[in-house]
1. Applying the selection to segment 95-131, what residues are assigned to a loop (DSSP other than H, G, I, E, B), more than 30 Å from ALA220 (Cα to Cα) and of a type in the set (A, V, I, L, M)?
2. If I filter segment 62-94 down to residues being among the polar types (S, T, N, Q) and in a loop (DSSP other than H, G, I, E, B), which single residue comes out as surrounded by the most Cβ atoms within 10 Å (Cβ to Cβ)?
3. Looking at segment 166-184, which of its residues are surrounded by fewer than 15 Cβ atoms within 10 Å (Cβ to Cβ) and touching a Pro at 6+ places or on another chain (Cβ under 8 Å)?
4. So, in segment 185-217, how many residues would count as being surrounded by fewer than 18 Cβ atoms within 10 Å (Cβ to Cβ) and touching a Lys or Arg at 6+ places or on another chain (Cβ under 9 Å)?
5. Looking for whichever is of a type in the set (S, T, N, Q) and at pLDDT 80 or above here; the options are SER154, SER158, SER172. Which one fits?
6. Sort out which residues of segment 36-66 are at pLDDT below 85 and either farther than 27 Å from GLU82 by Cβ or of a type in the set (A, V, I, L, M) (or both), and write them in order of number.
7. For segment 179-213, give me the residue count where each residue is in a loop (DSSP other than H, G, I, E, B) and either at pLDDT 95 or above or not charged (D, E, K, R) (or both).
8. Suppose we filter segment 95-107 for residues that are buried (at least 17 other Cβ atoms within 10 Å of the Cβ) and farther than 16 Å from GLY40 by Cα; how many remain?
Amino acid sequence: MTPFGERVMQASLRMLRGWEIAEAELRAGAVDRTVVFRIGLGPSWRTGILSPALEAMRKLHPNVLIEILPLNEPTVLDDLAEGRLDVAFAGNRIDPRAHPNLIRRDLTDIEIHVTAREGHPVFEQLRYGDQSSEQVLLDYPWIAFTGMAIFWDSGDYSMTKRLGREPEVWVSSSCLTTVLSLLQTTDSLSVLSNLAVKTVQGRRLVKVPVAMRQRSISLAMIFRAELAGWGVLEDFSQLCMEHLTDHTLVEQAKMPAF
């Protein structure tokens, strides 16, 4: 298609999704029509961090079918613009020239850091602020979580910049559950976020106190402008904000004194 044809197709798909939502809402009272609400979640969000907000939505909007879909980072903005998703939880920035119909509503910030199981021997070997002691990080196997680019890029840059060379990666996985399980049961290290480990069950995963260049990333709800004011989306937005405010994402790790 020509560039204009692509814009026509995108606008048409967006209008079709808008009509589906409007039709379902208008017919809901008469025939108990189910309204489908499509939410795109990345691996960290799918660990269950939003479960209380989703349960509250079930009670508030019993006629809404919540369809949780995996978030494809490279295409998430197009998926939103064309109606394949109604809302996405992502860190993407929006170029208003490319996506003038998308709105970003900030929710929370996450911190990306080196992560290990509680009781990992590395905690006895590190001396915080002493860069020479941080070389022990290279003695352990590493797991690269590739499910989202921010973790992979941050880990590669931080390790090489701080330690002089890349750590030895023995597992590279886009499955967050696999990464978390391996971290709990081995002496491996990884770069993850406080959000990614928030709901982990069993042996705790905690932040490794390394004075590295850390990254704080703002996560947001992104949705189409025409959905602003839609009761389903606005109620869900409010429930998520309340939940994330009441339950801080920052965990205090049990670290040895340095």
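The values are calculated or read from the model by the stated rules, or taken from the named source; none is laboratory data. Just so it is clear, the structure is predicted and the values come from calculations on it, not from any experiment. Using ideal geometry, Cβ is built from the backbone for each residue, glycine included, and neighbour counts are taken over all protein chains shown.
1. The one that is assigned to a loop (DSSP other than H, G, I, E, B), more than 30 Å from ALA220 (Cα to Cα) and of a type in the set (A, V, I, L, M): LEU126.
2. ASN92
3. Selection gives GLU168, TRP170, SER174, CYS175.
4. Here the count works out to 7.
5. Numbers: SER154 fails: at pLDDT 80 or above; SER158 fails: at pLDDT 80 or above.
None of the other options fit; the residue is SER172.
6. THR47, GLY48
7. First, the residues of segment 179-213 that are in a loop (DSSP other than H, G, I, E, B): 186-188, 194-204, 208-213.
Retained after the next criterion (residues that are either at pLDDT 95 or above or not charged (D, E, K, R) (or both)): 186-188, 194-197, 199-202, 208-212.
Here the count works out to 16.
8. The total comes to 1.
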